[in-house]
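Read through the structure below, which is laid out as C-alpha coordinates, and then see the notes.
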Amino acid sequence: MQIVLSVLLLVCFGANANTTVITTLDKGEPFEGMTFHDGALWVGKSRKAFNSNYSLEAYIGDKLAGKVTLPHSASYVYPYAKNAVIVVGTAHKPNLTQYTVVENKQGKLVPSTRAIPMQAWAREWLGTFNGKEYFTDPGGNTETNTLGMPSQTFFAVNRTSAPRYLSTRLRLPLAGVRAGNQFYVLNSEAIGSPFGNLHRLDPTSQKVTPVFAGNRHGFFGIAYAPAKNLIAVTDEDSGELYLVDASAGKELSAFPVAGIPRSVTFLGKCALVAGRDARQLNAIDVSDPKNPAFVGTLDVDLPQQEFMTLDKIAADPASGKIYGRSNFPCNGFSGKCDADWNKVLAFTSFNAQELAATCLR
(Lines give C-alpha, C1' and ligand atoms only; values in the text may rest on other atoms or scores of the structure.)
Protein backbone atom coordinates (compact mmCIF):
# COMPACT_ATOMS: atom_id res chain seq x y z
CA MET A 1 0.00 0.00 0.00
CA GLN A 2 2.83 2.40 0.87
CA ILE A 3 4.47 1.80 -2.53
CA VAL A 4 1.18 2.42 -4.32
CA LEU A 5 0.64 5.68 -2.41
CA SER A 6 4.17 6.83 -3.22
CA VAL A 7 3.60 6.19 -6.91
CA LEU A 8 0.28 8.05 -6.79
CA LEU A 9 1.97 11.04 -5.11
CA LEU A 10 4.65 11.15 -7.78
CA VAL A 11 1.99 11.12 -10.46
CA CYS A 12 0.13 13.91 -8.67
CA PHE A 13 3.24 16.07 -8.64
CA GLY A 14 2.90 16.39 -12.40
CA ALA A 15 -0.52 17.99 -12.15
CA ASN A 16 -1.01 21.75 -12.25
CA ALA A 17 0.00 23.31 -8.95
CA ASN A 18 -2.10 26.02 -7.37
CA THR A 19 -0.07 29.17 -6.89
CA THR A 20 -0.29 32.33 -4.79
CA VAL A 21 0.98 35.65 -6.10
CA ILE A 22 3.40 37.28 -3.67
CA THR A 23 3.99 40.52 -5.59
CA THR A 24 3.62 41.94 -9.09
CA LEU A 25 6.65 43.29 -10.94
CA ASP A 26 6.74 46.03 -13.54
CA LYS A 27 5.91 45.04 -17.12
CA GLY A 28 9.40 46.14 -18.12
CA GLU A 29 11.25 44.25 -15.36
CA PRO A 30 14.35 42.67 -16.99
CA PHE A 31 16.25 41.24 -14.01
CA GLU A 32 16.08 38.01 -12.02
CA GLY A 33 17.11 39.38 -8.60
CA MET A 34 15.56 37.07 -5.99
CA THR A 35 16.72 34.69 -3.27
CA PHE A 36 15.49 33.05 -0.08
CA HIS A 37 17.75 33.57 2.91
CA ASP A 38 17.38 33.37 6.72
CA GLY A 39 13.61 33.10 6.79
CA ALA A 40 12.89 35.79 4.22
CA LEU A 41 12.18 35.95 0.51
CA TRP A 42 14.24 38.83 -0.90
CA VAL A 43 12.82 40.35 -4.10
CA GLY A 44 14.61 42.91 -6.25
CA LYS A 45 12.64 45.41 -8.34
CA SER A 46 14.29 47.64 -10.95
CA ARG A 47 11.49 49.21 -13.00
CA LYS A 48 8.36 51.28 -12.41
CA ALA A 49 6.25 52.31 -15.40
CA PHE A 50 9.17 51.12 -17.57
CA ASN A 51 11.52 53.63 -15.94
CA SER A 52 14.46 52.91 -13.65
CA ASN A 53 13.24 52.53 -10.09
CA TYR A 54 15.38 50.43 -7.77
CA SER A 55 14.33 48.70 -4.56
CA LEU A 56 14.61 45.51 -2.53
CA GLU A 57 11.70 43.97 -0.63
CA ALA A 58 11.77 41.32 2.08
CA TYR A 59 8.81 38.97 2.59
CA ILE A 60 8.39 36.89 5.73
CA GLY A 61 5.53 34.42 5.80
CA ASP A 62 4.72 35.68 2.29
CA LYS A 63 3.90 39.12 3.73
CA LEU A 64 5.87 42.28 2.99
CA ALA A 65 8.13 42.83 6.00
CA GLY A 66 10.33 45.63 4.71
CA LYS A 67 11.42 47.63 1.70
CA VAL A 68 14.51 49.68 0.95
CA THR A 69 15.33 51.98 -1.97
CA LEU A 70 18.58 51.29 -3.82
CA PRO A 71 20.81 53.64 -5.86
CA HIS A 72 21.30 50.92 -8.50
CA SER A 73 19.38 48.12 -10.18
CA ALA A 74 18.68 44.91 -8.27
CA SER A 75 20.01 42.75 -11.09
CA TYR A 76 21.23 39.96 -8.82
CA VAL A 77 20.45 39.18 -5.17
CA TYR A 78 22.55 36.67 -3.20
CA PRO A 79 22.64 35.35 0.38
CA TYR A 80 25.48 37.17 2.14
CA ALA A 81 25.63 36.90 5.93
CA LYS A 82 23.22 36.28 8.79
CA ASN A 83 20.02 38.18 8.00
CA ALA A 84 21.77 39.95 5.13
CA VAL A 85 21.93 39.76 1.35
CA ILE A 86 24.15 41.41 -1.25
CA VAL A 87 22.59 43.11 -4.28
CA VAL A 88 24.57 43.83 -7.45
CA GLY A 89 23.50 46.12 -10.26
CA THR A 90 24.08 49.23 -12.33
CA ALA A 91 23.13 52.82 -11.55
CA HIS A 92 21.44 55.04 -14.11
CA LYS A 93 23.39 58.11 -13.02
CA PRO A 94 26.31 57.73 -12.74
CA ASN A 95 26.44 54.71 -15.05
CA LEU A 96 28.60 52.60 -12.74
CA THR A 97 28.13 49.20 -11.19
CA GLN A 98 27.51 49.10 -7.46
CA TYR A 99 26.76 46.61 -4.73
CA THR A 100 24.68 46.99 -1.60
CA VAL A 101 24.64 44.82 1.49
CA VAL A 102 21.15 44.92 2.99
CA GLU A 103 20.72 43.66 6.55
CA ASN A 104 17.46 42.95 8.31
CA LYS A 105 17.97 44.50 11.75
CA GLN A 106 14.97 43.68 13.94
CA GLY A 107 12.55 44.21 11.09
CA LYS A 108 14.26 47.25 9.57
CA LEU A 109 16.20 46.88 6.31
CA VAL A 110 19.53 48.69 6.57
CA PRO A 111 21.52 49.18 3.32
CA SER A 112 25.23 49.87 2.85
CA THR A 113 26.30 50.66 -0.73
CA ARG A 114 29.69 50.70 -2.43
CA ALA A 115 30.10 52.07 -5.94
CA ILE A 116 32.67 50.19 -8.03
CA PRO A 117 35.22 52.66 -9.46
CA MET A 118 34.89 53.18 -13.20
CA GLN A 119 37.99 51.12 -14.06
CA ALA A 120 36.04 47.95 -13.23
CA TRP A 121 32.57 46.61 -14.08
CA ALA A 122 30.88 44.10 -11.79
CA ARG A 123 28.69 41.57 -13.60
CA GLU A 124 28.05 38.98 -10.87
CA TRP A 125 29.24 38.43 -7.32
CA LEU A 126 31.20 35.23 -6.69
CA GLY A 127 31.60 35.44 -2.92
CA THR A 128 33.69 36.82 -0.10
CA PHE A 129 37.24 35.54 0.32
CA ASN A 130 39.80 36.85 2.84
CA GLY A 131 37.66 39.90 3.56
CA LYS A 132 37.19 40.96 -0.06
CA GLU A 133 34.29 40.68 -2.46
CA TYR A 134 35.04 38.89 -5.73
CA PHE A 135 33.24 39.77 -8.96
CA THR A 136 33.26 38.76 -12.60
CA ASP A 137 33.93 41.45 -15.21
CA PRO A 138 33.21 40.11 -18.73
CA GLY A 139 34.80 43.18 -20.36
CA GLY A 140 37.85 42.89 -18.17
CA ASN A 141 40.99 44.84 -17.60
CA THR A 142 42.42 45.52 -21.06
CA GLU A 143 45.91 46.35 -19.85
CA THR A 144 47.47 44.63 -22.87
CA ASN A 145 46.88 45.04 -26.57
CA THR A 146 48.18 41.57 -27.42
CA LEU A 147 45.96 40.21 -30.20
CA GLY A 148 43.87 37.22 -29.13
CA MET A 149 44.80 37.44 -25.44
CA PRO A 150 41.80 37.56 -23.08
CA SER A 151 41.60 40.37 -20.57
CA GLN A 152 41.90 39.96 -16.83
CA THR A 153 38.25 39.34 -15.94
CA PHE A 154 38.07 38.79 -12.17
CA PHE A 155 38.58 41.45 -9.54
CA ALA A 156 38.41 41.79 -5.77
CA VAL A 157 37.40 44.85 -3.78
CA ASN A 158 36.42 45.83 -0.26
CA ARG A 159 34.64 48.85 1.18
CA THR A 160 37.57 51.19 0.64
CA SER A 161 40.09 49.59 -1.71
CA ALA A 162 40.42 50.06 -5.44
CA PRO A 163 39.54 47.03 -7.58
CA ARG A 164 42.40 44.54 -7.81
CA TYR A 165 42.32 42.35 -10.89
CA LEU A 166 43.53 38.77 -10.67
CA SER A 167 46.13 37.74 -13.20
CA THR A 168 43.67 35.09 -14.42
CA ARG A 169 42.56 35.46 -18.03
CA LEU A 170 39.24 33.85 -18.88
CA ARG A 171 36.95 34.96 -21.66
CA LEU A 172 33.59 36.42 -20.56
CA PRO A 173 33.05 34.98 -17.08
CA LEU A 174 29.41 35.17 -16.02
CA ALA A 175 27.69 33.50 -13.05
CA GLY A 176 29.59 31.65 -10.33
CA VAL A 177 29.58 30.38 -6.76
CA ARG A 178 32.07 29.96 -3.95
CA ALA A 179 32.71 26.37 -2.88
CA GLY A 180 35.12 26.22 0.05
CA ASN A 181 38.30 28.09 -0.84
CA GLN A 182 37.63 28.18 -4.56
CA PHE A 183 35.12 29.56 -7.03
CA TYR A 184 33.26 27.79 -9.81
CA VAL A 185 32.46 30.07 -12.75
CA LEU A 186 30.54 29.71 -16.00
CA ASN A 187 31.91 31.51 -19.04
CA SER A 188 31.14 32.21 -22.69
CA GLU A 189 33.73 32.13 -25.44
CA ALA A 190 32.42 35.27 -27.16
CA ILE A 191 29.65 37.84 -26.90
CA GLY A 192 26.46 36.15 -28.08
CA SER A 193 28.10 32.74 -28.26
CA PRO A 194 26.41 29.83 -26.44
CA PHE A 195 29.72 27.97 -26.20
CA GLY A 196 31.43 27.97 -22.83
CA ASN A 197 32.56 25.87 -19.91
CA LEU A 198 32.52 25.57 -16.15
CA HIS A 199 35.83 26.56 -14.57
CA ARG A 200 37.37 26.14 -11.15
CA LEU A 201 39.18 29.27 -9.96
CA ASP A 202 41.64 29.23 -7.06
CA PRO A 203 41.76 32.85 -5.79
CA THR A 204 45.05 32.21 -3.97
CA SER A 205 47.08 30.76 -6.85
CA GLN A 206 44.83 32.55 -9.37
CA LYS A 207 44.84 29.37 -11.45
CA VAL A 208 41.74 28.56 -13.49
CA THR A 209 40.93 25.02 -14.66
CA PRO A 210 38.09 23.88 -16.96
CA VAL A 211 35.84 21.18 -15.52
CA PHE A 212 34.67 19.70 -18.80
CA ALA A 213 37.05 18.40 -21.46
CA GLY A 214 35.52 20.62 -24.15
CA ASN A 215 33.18 23.59 -24.35
CA ARG A 216 29.48 22.92 -23.96
CA HIS A 217 26.59 24.65 -25.70
CA GLY A 218 24.13 26.44 -23.46
CA PHE A 219 25.32 26.55 -19.83
CA PHE A 220 23.17 29.01 -17.89
CA GLY A 221 22.40 28.45 -14.17
CA ILE A 222 24.65 27.38 -11.32
CA ALA A 223 24.09 26.49 -7.65
CA TYR A 224 26.13 25.03 -4.81
CA ALA A 225 25.04 22.69 -2.01
CA PRO A 226 27.63 22.99 0.82
CA ALA A 227 26.35 19.96 2.74
CA LYS A 228 26.86 17.78 -0.33
CA ASN A 229 29.83 19.75 -1.71
CA LEU A 230 27.95 19.54 -4.99
CA ILE A 231 27.72 21.93 -7.92
CA ALA A 232 24.66 21.92 -10.17
CA VAL A 233 24.75 23.49 -13.64
CA THR A 234 21.93 23.79 -16.17
CA ASP A 235 22.37 23.50 -19.93
CA GLU A 236 19.45 25.12 -21.74
CA ASP A 237 20.50 23.75 -25.13
CA SER A 238 20.90 20.06 -24.28
CA GLY A 239 18.11 20.23 -21.68
CA GLU A 240 20.24 18.66 -18.98
CA LEU A 241 21.30 19.20 -15.39
CA TYR A 242 24.98 18.50 -14.73
CA LEU A 243 26.24 17.54 -11.28
CA VAL A 244 29.86 18.22 -10.37
CA ASP A 245 31.97 17.14 -7.40
CA ALA A 246 33.17 20.47 -5.95
CA SER A 247 36.14 18.85 -4.19
CA ALA A 248 37.64 17.28 -7.31
CA GLY A 249 36.13 19.49 -9.99
CA LYS A 250 34.82 16.43 -11.83
CA GLU A 251 31.53 15.76 -13.58
CA LEU A 252 29.46 13.12 -11.81
CA SER A 253 26.36 12.84 -13.97
CA ALA A 254 23.95 14.51 -16.39
CA PHE A 255 20.19 14.30 -16.05
CA PRO A 256 17.53 15.32 -18.65
CA VAL A 257 15.15 18.08 -17.58
CA ALA A 258 11.86 19.15 -19.16
CA GLY A 259 11.54 22.58 -20.75
CA ILE A 260 14.47 24.97 -21.17
CA PRO A 261 16.39 24.56 -17.88
CA ARG A 262 17.80 27.78 -16.51
CA SER A 263 17.50 28.69 -12.82
CA VAL A 264 18.60 26.01 -10.33
CA THR A 265 18.65 25.76 -6.54
CA PHE A 266 18.75 23.06 -3.88
CA LEU A 267 16.10 21.92 -1.42
CA GLY A 268 17.06 19.11 0.95
CA LYS A 269 18.12 16.13 -1.13
CA CYS A 270 16.72 17.66 -4.34
CA ALA A 271 18.02 19.92 -7.06
CA LEU A 272 15.17 22.14 -8.26
CA VAL A 273 15.36 23.28 -11.88
CA ALA A 274 13.14 25.82 -13.65
CA GLY A 275 11.98 24.95 -17.15
CA ARG A 276 11.72 28.56 -18.31
CA ASP A 277 9.39 28.49 -21.30
CA ALA A 278 7.47 25.42 -20.13
CA ARG A 279 6.91 27.23 -16.79
CA GLN A 280 7.60 23.96 -15.07
CA LEU A 281 9.58 23.22 -11.94
CA ASN A 282 11.51 19.94 -11.93
CA ALA A 283 12.69 18.20 -8.75
CA ILE A 284 15.57 15.71 -8.99
CA ASP A 285 16.81 13.59 -6.10
CA VAL A 286 20.60 14.03 -5.96
CA SER A 287 21.23 11.97 -2.82
CA ASP A 288 23.42 9.81 -5.03
CA PRO A 289 24.82 12.41 -7.44
CA LYS A 290 26.16 9.72 -9.75
CA ASN A 291 22.64 8.34 -10.13
CA PRO A 292 20.12 11.20 -9.80
CA ALA A 293 16.44 10.27 -9.83
CA PHE A 294 13.33 12.10 -10.94
CA VAL A 295 11.00 13.17 -8.10
CA GLY A 296 8.30 15.19 -9.84
CA THR A 297 7.23 18.44 -11.46
CA LEU A 298 5.08 21.45 -10.61
CA ASP A 299 3.43 23.54 -13.31
CA VAL A 300 2.49 27.20 -13.05
CA ASP A 301 -1.31 27.20 -13.27
CA LEU A 302 -1.70 30.86 -14.25
CA PRO A 303 -2.38 31.74 -17.90
CA GLN A 304 0.75 32.80 -19.74
CA GLN A 305 -0.56 36.36 -20.01
CA GLU A 306 -0.46 36.42 -16.21
CA PHE A 307 2.92 34.70 -15.75
CA MET A 308 5.04 34.58 -18.88
CA THR A 309 8.18 32.61 -18.05
CA LEU A 310 9.67 30.80 -15.05
CA ASP A 311 12.95 32.72 -15.00
CA LYS A 312 14.07 32.32 -11.39
CA ILE A 313 13.29 29.98 -8.50
CA ALA A 314 14.05 30.02 -4.77
CA ALA A 315 13.14 27.76 -1.86
CA ASP A 316 12.72 28.00 1.90
CA PRO A 317 14.98 25.25 3.32
CA ALA A 318 12.91 25.08 6.52
CA SER A 319 9.32 24.88 5.27
CA GLY A 320 10.13 23.67 1.77
CA LYS A 321 7.99 26.35 0.13
CA ILE A 322 9.09 27.04 -3.45
CA TYR A 323 8.92 30.40 -5.22
CA GLY A 324 9.03 31.37 -8.89
CA ARG A 325 9.66 34.65 -10.68
CA SER A 326 8.76 35.83 -14.16
CA ASN A 327 10.80 38.75 -15.48
CA PHE A 328 10.05 38.90 -19.18
CA PRO A 329 10.31 42.59 -20.14
CA CYS A 330 7.54 43.76 -22.44
CA ASN A 331 8.77 45.70 -25.45
CA GLY A 332 6.27 48.45 -26.21
CA PHE A 333 7.66 48.80 -29.73
CA SER A 334 6.57 45.29 -30.67
CA GLY A 335 3.03 45.41 -29.34
CA LYS A 336 0.76 46.42 -26.52
CA CYS A 337 2.03 46.06 -22.98
CA ASP A 338 -1.35 45.65 -21.35
CA ALA A 339 -0.72 42.38 -19.47
CA ASP A 340 0.91 42.07 -16.05
CA TRP A 341 2.82 38.86 -16.68
CA ASN A 342 5.81 39.62 -14.44
CA LYS A 343 5.22 38.35 -10.92
CA VAL A 344 6.69 36.48 -7.97
CA LEU A 345 4.56 33.55 -6.87
CA ALA A 346 4.60 30.69 -4.39
CA PHE A 347 3.66 27.10 -5.17
CA THR A 348 1.07 26.45 -2.47
CA SER A 349 -0.95 23.38 -3.50
CA PHE A 350 -1.05 20.05 -1.71
CA ASN A 351 1.09 18.62 -4.52
CA ALA A 352 3.73 21.29 -3.94
CA GLN A 353 3.75 20.55 -0.22
CA GLU A 354 4.14 16.83 -0.86
CA LEU A 355 6.97 17.36 -3.32
CA ALA A 356 8.77 19.61 -0.84
CA ALA A 357 8.24 17.06 1.95
CA THR A 358 9.78 14.37 -0.27
CA CYS A 359 12.83 16.56 -0.88
CA LEU A 360 13.24 17.34 2.82
CA ARG A 361 12.92 13.74 4.00
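Of the residues making up segment 183-197, those that are among the aliphatic types (A, V, I, L, M) and either under 18 Å from residue 243 (Cβ atoms) or part of a strand (DSSP E or B) (or both) number 2.
Contact map, segment 23-44: first residue in a strand (DSSP E or B), second residue at pLDDT below 95, Cβ cut-off under 8 Å, separation 6 or more or different chains; pairs are 24/340. Restricting segment 247-275 to residues that are among the small types (Gly, Ala, Ser) and over 18 Å from the mean Cα position of the chain (by Cα), the residue that is farthest from residue 177 (Cα to Cα) is 258.
Of the residues making up segment 294-312, not a single one is closer than 16 Å to residue 227 by Cβ, buried (at least 23 other Cβ atoms within 10 Å of the Cβ) and in contact (Cβ under 8 Å) with a residue 24 or more places away in the chain. All of 289, 329 fail the test of being in a loop (DSSP other than H, G, I, E, B) and within 19 Å of the chain's Cα centre (by Cα), apart from 329. Is it true that residue 278 is hydrophobic (A, V, I, L, M, F, W, C) and touching a Gly at 6+ places or on another chain (Cβ under 7 Å)? Against the criterion (hydrophobic (A, V, I, L, M, F, W, C) and touching a Gly at 6+ places or on another chain (Cβ under 7 Å)), residue 278 qualifies. Looking only at segment 203-257, residues that are in a loop (DSSP other than H, G, I, E, B) and over 26 Å from residue 311 (Cβ atoms) come to 11 in all. Scanning segment 114-127 for residues that are within 26 Å of residue 224 (Cβ to Cβ), assigned to a strand (DSSP E or B) and over 17 Å from the mean Cα position of the chain (by Cα) yields a single hit, 114.
All of (1) part of a strand (DSSP E or B); (2) farther than 23 Å from residue 175 by Cα; (3) without any contact (Cβ under 8 Å) to a residue 60 or more places away in the chain hold for residue 56 with one exception: (2). When residues in segment 85-113 are screened for being part of a strand (DSSP E or B), of a type in the set (S, T, N, Q) and over 15 Å from residue 58 (Cα atoms), 5 of them pass.
The values are calculated or read from the model by the stated rules, or taken from the named source; none is laboratory data. Here the structure is a predicted model, which means the values were calculated and not measured. With ideal geometry, Cβ positions are generated from the backbone for all residues, glycine too; neighbour counts draw on all protein chains shown.
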